[in-house]
Each structure stands twice: as C-alpha cells, then as structure tokens.
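Remarks on the structure that follows.
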Amino acid sequence: MADLFKVTFKRAFLSLPMLIGTGVCAFMSSMTSRRCAYANAADGFGEQDAVSFALPDRKFLLCLMLAAAVLPVFFTGREMTNGTVKNKLICGVGRLRFYLTHLLVNIIMDLIVFTAATVPMFIFCPGYFRGFQTGMLVCIFGSILVCVLYVAALSTLLAAMFDHTAVSLIICLGVLFAGVFIADKVSSALTPPENNYTEMTGMQTDPSGRSEEVVLGEKAEPNPDFVGGTPRKLLWSVHYILPVRLLEDCELMLHQRTMTVQQYREQMQEYKESRNAPFLYERYRNIRTMPIAIGCAFIVLCVLGVILFRLRNIK
Amino acid sequence: MEYVLKTKDLTKIYRRAKALSGVTMSIPKGSIYGLVGRNGAGKTTLMRVVCGLQSPSGGMYELYGVKYIDRGISKVRSRMGAVIEKPAIYPDLSAKANLKAQYSMLGLPCDDSIDELLELVGLADTGKKYAGKFSLGMKQRLGIAVALAGSPDFLILDEPTNGLDPEGIVEMRELILKLNRGNGITVLISSHILDELSKLATNYGFMDRGKIVKEISVEELEQNVRKCMIADVSNVRVLAAVLDEMNVKYEMISEKRAKIFEKMSVTLLAEKLSQKGCELIGLTEADESLESFFIDLIGGAKNG
C-alpha cells in the first residue's frame, strides 16, 4: 500500500491541475485578504460596512469547493481514461487498496488546496481574525474543512465510476450545482408558512393637529413553498447533509467576528423569540451538529464508493 | 500437465446480454494459447474476467491452481501481466518514466532492468519523448513492457497486432516468441489475423457466441489443416481399398469424397480405380488453413 501511495501521491502532487488549482486558490485568498486588510484599516476609522464587503464571500467558498471537486476528478479520472487502473488491478492491487489510496491522495490534495486558500488570509489580514474567538474560528474553518472532505469523497466516487474524465467532470459539476439548487429549494420549503413579518404604519393626527407615524398592525407574507409534517422532517435530514447550507452559515459567521460564544447564544435566543426569524433560529441551533452530520455523510460516501467500485466492471 | 489458467462454465452477463456462456478452457504452462473468434464472440470479456477487471456472473476460474475467490488470488495476480484492448500507459510520461512508475508501484527497485526491458521491446532509444507522442506500434510495445514489469510468467495480450504495419506485426511476433521461448512466459493471445496467429500459437481455443467451441493443440490442428487432395469418386469404398493397397493416408468425408494426404501418381490411381470399376470424377488440391478450419468449425457450430 505504501508503494502504491507514494507513486500515486507523487503523480498527483506534481500534476498540472493540482498546481493550477492550488495557485488559483492561493491567489484568490491573498486578493481577498488584501481587500480584507484594507477594509479592516478603514473600519478603524469608523467605516464599519467596509469590512463586510471585503470578507471571504460565497464566490470564494464556491471557488474553493470547485477546486476541491475538480482536482480528484482530474486525477482519478485520468487513471480511468488512460486505462492505467488496469495495470494496477491486473498486478494484484486490490480494488479496496486502489480506491482507498486514491481517496487518501485526493483528500490530501484537497487539504493542500484548503491550506493554500486559508493561510494567506491569516498572513495578509491577521488583524481581522484577531477579533474572533478561537473557538469560533475553529468552528468556522473546521466546518469548511468538513465540506472540503465531503466534496473530495463525492468527486472520488464519481471519478471512479466512469471511464472518461470528461464524463466524470460533467457529472461532478452537475451534482455540485444540483446540490446548490436542492439546498435552495429545501431552504425555501423549510421556511415557516408565514414569513417576513412587516409592520404596517400609518400617519395619525392628534386633536392638536400634529401628525405622527403609528404602527397599525403586522402583515405576514405567506410562504407558498412551505412543507409540513413528515416530509418536513425528511427535508431537515437533507438539509443536514448538504454542505451548501453549512458553508452559508460559515459565511454568516465570518461576518460576526466580534461575537463571543456568549453573544452567539444570546443571538440564538433572540432568533428564537423573534417571530421574524424562527427558521434562522432552527438553523443556528443546528450549526454545531451540522458538521457532524456532514462528517457522517463523508464516511457514508467513502464506504459507498468502495462498495460501488468493487462491483464495477472495468473496460 | 501443469496449467496456468483453468476455467469452468465461466459466465458473464451484462444486463440482458450474455457475453460468456459457460467457457471451459485450460492453458498449459509454457504455451502460446491463441484465442480465435469473430467480433463479439467474447474474447475480450473472457480476458477481462480472467484479469479481475470484471467479476464473473457464474462458473469459476483458477490461476496457478488458486480459485479467483480465494484470498491468495492477489498474490497470484502479481505473476500476471496484460494488455487489454489499448495499452495502458501515462501519455505525459516518457517510456522510461512509465516503467519507473510501474516498478515503484510494484515495490521493485528501479535499476538496470528497466533499460533491459526497454531494450527487449525496442524502445531503448526513445529518450524523453512522451508516450502520448509515440506511434501505435510503439505504444503497444510500451504497453507490453509495462505488463512485463515485475517479470510475470503469464502474459495476456488482446489483439496486440491491431493497427500495426506489416513491419510492426513481424516485430510483435518476434517479441512474443522471444518472451515465450527465451523467458518461458505463457501467453494468452487473441487476434483477428489468423495467419499471424498460426505462426505463433502452440494451442488454440475457438470461441463463438460466448463459448469455447473447440480446443486443440497445434499438432492436432496440423492434422486437420494439412495439405491434401480431395478425390471425388463414384464409390468411396473402392477408393479406400485402392489407397490401402498403395499404403497412402486418407480420410473419407462422404460416400463419394475422400481426402488424400500424401503425394502420389494420379495416373496410377485413376488406372487402379478404373480396373475395379470405380470412376474418378475429379481431383482437386485443397490447401486448408487455420482460417478455413475456423470458418468450417464456426459454420458447423452455428448449424449445429
């Protein structure tokens, strides 16, 4: 296994897609961090909004996830396209050994990309992250890391199932975007039946002739996508294992750098009591269990990959 | 006799299509076993199953006496090498780097044996040229070299001469013969070019519609395809008596036809037959080849 790992890792590490992927992620990270550092300085002069515009945003996280998905497909997929997988299996390298070696190498590749994407942030913008509590930072970056592992396992599985890299790549990207789409739909279905309470105000004139604005009542917008009962419970399970939601939560948390754990709890309580955001409360309540659920989904994907690859007919 | 590969009622079913339906065959150690069959007969599927790339739907096979479901099969597989369909090489590496990668994967030291292997397959002078830029013949030879890494003693080659020019075909034949005679490697080879196969194989397996229709050795095949004359007569029993008298080898095909396997005077034969009241209707020379034998056999199998 060690020999196979050494050869596989060497090929993966020195491959062009790996170098490009790492380079792009490091570049994007350093650019974001520079913006962040500049905004952080501006924040010191009272321009508070500047920071939130410069923070690692959804695009950055999406780019990281794309790199984490595409690299394993390129690497494992090429073994399938070139047929070199046959050389290994014919010579007695078991399918389990082959799959696990590739999974391990792909995870390491993705970890390198993850490191390249996050370390520059701490190098170029240490001031910004100093505002965070360590526990909060561990929670945020741990969650992103779990998502990266999930994507690595998923793309390894897909790459090992098809004979051509192009097919694996198209399917992998399709699955990723379908995941984003499904997450959006699930989120919409889980939003309470009545949402976005808005106050209806009006002008009232008192006997002295002065006019003032008063609240006349509350108006709630109905949610046409709302799903209740057992399907709602099922949708919660789906919600748990979709890394898109977790990444969104990470993104939100990155915008709350000055929040302590105590303040975080208080905010959760606020969400709970607010009629406007019960769904947000539910989401925040689950943020600690979500990485565990996604970690479990990662293990399921690994086991599923091994089983399917063992059953697969290789041409 | 010691066998490298033995299969019994080996079956492979893809969804609804039956690619192998009860293949039973044995490959003797040290032989070059030619697998003959038309497209879709199941040759490549059989090779894939034997190589462990696909699992059989039924039946069994054993390599060096170890059943494919036994735990020791991985160890036995390390004594195998194969090139199935297209050579499995890294196009972005040189020939030497490809071999180095395979050697490292097998846990073997990358020593002079790599150069020797490149020399053996005639790729010693390719330098740093990427394998992706090789000609088809060179890729095929590199594929064989990769399969030979780890000194296997059983080599499986699926249509190794496909797409090669005449010179390449001769080189490939010489290489296979060198590996078999010089290194004692048992070879399982499939080819459409039957004439080429007949110059190599010591044993044959004829496949049709997922089955081995006939297995014969080269000696048996020679008996079947040797040069002969076909005599058409009015009474084949009289012909048999005359040929026995003349001490000539023959084989009766039908009531009016027989094969004569030795050179003889046609005038003398016609004279003797005439004396016994048998008319010699015609005498034609038949040059039976592996190709005609195969066509006769598969035609027979189809009709049967």
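The values are calculated or read from the model by the stated rules, or taken from the named source; none is laboratory data. Since this is a predicted model, take the numbers as computed values, not measurements. Ideal geometry is used to build each Cβ from the backbone, glycine not excepted, and the neighbour counts take in all protein chains shown. What goes into the accessible areas is simple: the full protein's heavy atoms, side chains included, and nothing from ligands, DNA or RNA. Shrake-Rupley method; radii C 1.70, N 1.55, O 1.52, S 1.80 Å.
In the condition set (1) more than 30 Å from B:VAL23 (Cα to Cα); (2) surrounded by fewer than 16 Cβ atoms within 10 Å (Cβ to Cβ), B:GLU222 is compliant with all but (1). Scanning the range B:6-38 for residues being more than 22 Å from B:ASP153 (Cα to Cα) and part of a loop (DSSP other than H, G, I, E, B) gives a total of 3.
Return yes when B:LEU179 is more than 24 Å from B:SER21 (Cα to Cα) and assigned to a loop (DSSP other than H, G, I, E, B) and no when it is not.
Numbers: more than 24 Å from B:SER21 (Cα to Cα): yes; assigned to a loop (DSSP other than H, G, I, E, B): no.
Considered against the rule, which asks whether it is more than 24 Å from B:SER21 (Cα to Cα) and assigned to a loop (DSSP other than H, G, I, E, B), B:LEU179 comes out as no.
Just to check your reading of the model, which residue among A:TYR264, A:TYR240 is part of a helix (DSSP H, G or I), at pLDDT below 75 and surrounded by 13 or more Cβ atoms within 10 Å (Cβ to Cβ)? So that I can check it myself, show each step before the final result.
Numbers: A:TYR240 fails: at pLDDT below 75.
Sole residue among the options that is part of a helix (DSSP H, G or I), at pLDDT below 75 and surrounded by 13 or more Cβ atoms within 10 Å (Cβ to Cβ): A:TYR264.
Taken together, A:PHE141, A:PHE132, A:PHE114 contain a single residue that is open to solvent by less than 30 Å² (accessible area, probe 1.4 Å) and outside any helix (DSSP H, G or I), which is A:PHE132.
Before we move on, is B:GLY34 open to solvent by less than 20 Å² (accessible area, probe 1.4 Å), within 21 Å of the chain's Cα centre (by Cα) and more than 14 Å from chain A (Cβ to nearest Cβ)?
Numbers: open to solvent by less than 20 Å² (accessible area, probe 1.4 Å): yes; within 21 Å of the chain's Cα centre (by Cα): yes; more than 14 Å from chain A (Cβ to nearest Cβ): yes.
In short, yes.
Taken over the range B:108-142, residues that are more than 10 Å from chain A (Cβ to nearest Cβ), surrounded by fewer than 18 Cβ atoms within 10 Å (Cβ to Cβ), touching a residue at least 24 places away in the same chain (Cβ under 8 Å) and among the hydrophobic types (A, V, I, L, M, F, W, C) amount to 1. Residues in the range B:69-85 that are within 23 Å of the chain's Cα centre (by Cα) and farther than 25 Å from B:ASP115 by Cβ: 4 in all.
Cβ-Cβ distances below 8 Å connect the following pairs, each with a first residue in the range A:131-153 that is under 30 Å from A:HIS102 (Cβ atoms), a second residue that is among the hydroxyl-bearing types (Ser, Thr, Tyr), and a separation of six or more residues or different chains: A:PHE141/A:THR118; A:ILE144/A:THR118.
Could you grab me the full set of residues in the range B:200-209 that are part of a loop (DSSP other than H, G, I, E, B), within 10 Å of the chain's Cα centre (by Cα) and over 16 Å from B:LYS29 (Cβ atoms)? Spell out the reasoning first.
Applying the first criterion (part of a loop (DSSP other than H, G, I, E, B)) to the range B:200-209 yields B:200-202, B:209.
Cutting the leftovers down to within 10 Å of the chain's Cα centre (by Cα) gives us B:200-202.
Passing the criteria: only B:LEU200.
The lone criterion from (1) surrounded by 19 or more Cβ atoms within 10 Å (Cβ to Cβ); (2) more than 14 Å from chain B (Cβ to nearest Cβ); (3) at pLDDT 85 or above left unmet by A:LEU104 is number (1).
Scanning the range A:102-130 for residues that are of a type outside the set (A, V, I, L, M, F, W, C) and touching a residue at least 60 places away in the same chain (Cβ under 8 Å) turns up A:HIS102, A:ASN106, A:THR118, A:PRO120, A:GLY127, A:TYR128. Residues that are at the interface with another protein chain (Cβ under 9 Å from one of its Cβ atoms) and of a type in the set (A, V, I, L, M) were ranked within the range B:94-107; the one that is most open to solvent (accessible area, probe 1.4 Å) is B:LEU106. Within the range A:1-23, restricting attention to residues that are surrounded by fewer than 17 Cβ atoms within 10 Å (Cβ to Cβ) and among the small types (Gly, Ala, Ser), the residue that is farthest from A:LYS86 (Cα to Cα) is A:GLY23. Within the range B:65-92, the set of residues being at pLDDT 90 or above, in a loop (DSSP other than H, G, I, E, B) and more than 9 Å from chain A (Cβ to nearest Cβ) is empty. Picking from residues in the range B:48-64 that are within 10 Å of chain A (Cβ to nearest Cβ) and under 19 Å from the mean Cα position of the chain (by Cα), the one that is surrounded by the most Cβ atoms within 10 Å (Cβ to Cβ) is B:VAL50. Check B:THR44 against each of (1) under 29 Å from B:GLY182 (Cβ atoms); (2) within 14 Å of another protein chain (Cβ to nearest Cβ); (3) crowded, with 21+ Cβ neighbours inside 10 Å and name the one condition it does not meet. With (1) under 29 Å from B:GLY182 (Cβ atoms); (2) within 14 Å of another protein chain (Cβ to nearest Cβ); (3) crowded, with 21+ Cβ neighbours inside 10 Å applied to B:THR44, the lone miss is (3).
Close contacts from the range A:84-101, counting a first residue that is within 7 Å of chain B (Cβ to nearest Cβ) and a second that is of a type in the set (Phe, Trp, Tyr) and open to solvent by less than 10 Å² (accessible area, probe 1.4 Å), with Cβ to Cβ under 7 Å and a gap of 6+ residues or different chains, come to A:LYS88/A:PHE98; A:LEU89/A:PHE98. The residue that is nearest to B:PHE134 (Cα to Cα), among those in the range B:93-118 that are part of a loop (DSSP other than H, G, I, E, B) and of a type in the set (A, V, I, L, M, F, W, C), is B:LEU93.
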